[in-house]
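Below is one structure; the comments refer to it alone.
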Amino acid sequence: MIRYLLLLLFWLGSAISAEPANPSDPSPEVLQEVFIQEMVTQHGFRAEELRTLLASAKVKESILETIARPAEKRLTWGEYRRIFLTRERVKGGLRYWQANRLALQRAEKTYGVPAHIIVAIIGVETRYGRHAGRYRVLDALTTLGFHYPPRAAFFRRELGEFLLLSREEQSNPLALLGSYAGAMGKPQFIPSSFRAYAVDFDGDGRRDIWNNDADVIGSVANYFARHGWRPGEPVAQRVQVPNVTPALQAVIDRGYKPSSTVGELIDAGVILNTPLAPDLPAALLALEGESGTEYWLALPNFYVITRYNHSPLYAMAVYQLSDAIQRLIDHDAS
């Protein structure tokens, strides 16, 4: 241990004396050794085993290019909707529901999260597992944790979580695949989310979100339940806003976290399409649809969906896909 600490001090001194382009940024080698020592002291890993494992990881330029590539344009809701609200994705949701009906029913009973919401999440994330990622998770997190300064600290934490989950699940860290950012399996859990929310829903002793649909379904449902899903309550409602007053614009500007109540928004001029409890917390969204501005009440369960991905467009896509899937399910059952 002393030898490695002396080596670390030597590397730190070298990093400073070499005067790199940004002297405040330690080299990847120094960052990696600091990370290894933290995993040894905090979690009981063996330093040599970690060095061997990390030496086998590959730095992927394609990952760095993808995460650094600026968006070609800022998508409107109308553009975003066209990506996710397709006939193929809706029909795929029906097929996924048919194939996993019993697990979905049990998850809904256990966690209070509707089956069509669970299915829609998996559909938006990976098209029901068809596009769950082609990168080794170890490569993705090592690349970003040691070679992407803007968010390196976050990805190093996720790398640590990944090594812990691999040990806990007795999984080979070189074999697990995910996205370029290290999101894993059919529901695209990052490692910290896996450790916190993934469940062994079929009781086989493993939490497998790559191949075991029961575990995928139970894990998504648990995630939503733990983030405050309110069973039996609606998600959102499209409303009419004849006049966007300064008071209503202020509500819109506050974003998608419910900061008003339905009653307050009605008093301010919002017109509902169906009744809602006046004391229900709500946000007011203005989304640019294909035919102009759409106004929506975003309710507490809508906010819960944004805990999965912090975007109102994402949450609206999940909500509308879930609604379309539910209509097909109802038609199939009739």
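Scanning the stretch 250-276 for residues that are in contact with a helix residue (DSSP H, G or I) (Cβ under 8 Å, 6 or more places away or on another chain) and either modelled with pLDDT under 95 or in a helix (DSSP H, G or I) (or both) returns V251, L265. The condition of being under 30 Å from L165 (Cα atoms) and either in contact (Cβ under 8 Å) with a residue 40 or more places away in the chain or surrounded by fewer than 20 Cβ atoms within 10 Å (Cβ to Cβ) (or both) holds for only one of D279, D204, that being D204.
Residues in the stretch 207-221 that are surrounded by 22 or more Cβ atoms within 10 Å (Cβ to Cβ) and under 20 Å from A120 (Cβ atoms): 8 in all.
Under the condition of being farther than 12 Å from I67 by Cβ and either surrounded by fewer than 21 Cβ atoms within 10 Å (Cβ to Cβ) or in contact with a strand residue (DSSP E or B) (Cβ under 7 Å, 6 or more places away or on another chain) (or both), the residues counted in the stretch 140-155 number 1. Residue-level check: of (1) buried (at least 20 other Cβ atoms within 10 Å of the Cβ); (2) at pLDDT below 95, I325 misses just (2).
Here T126, T142 are screened, and the one residue that is among the polar types (S, T, N, Q) and touching a Leu at 6+ places or on another chain (Cβ under 7 Å) is T142.
Out of the residues in the stretch 73-107 that are basic (K, R) and part of a loop (DSSP other than H, G, I, E, B), state the one that is farthest from D330 (Cα to Cα). Among those residues, the one meeting the criterion is K73. Would you call T110 of a type in the set (S, T, Y) and either assigned to a loop (DSSP other than H, G, I, E, B) or crowded, with 18+ Cβ neighbours inside 10 Å (or both)? No: the conditions fail for T110.
The values are calculated or read from the model by the stated rules, or taken from the named source; none is laboratory data. Nothing here was measured: the structure is a model prediction, and the numbers come from that model. Virtual Cβ from ideal backbone geometry, glycine too; neighbours counted across all protein chains shown.
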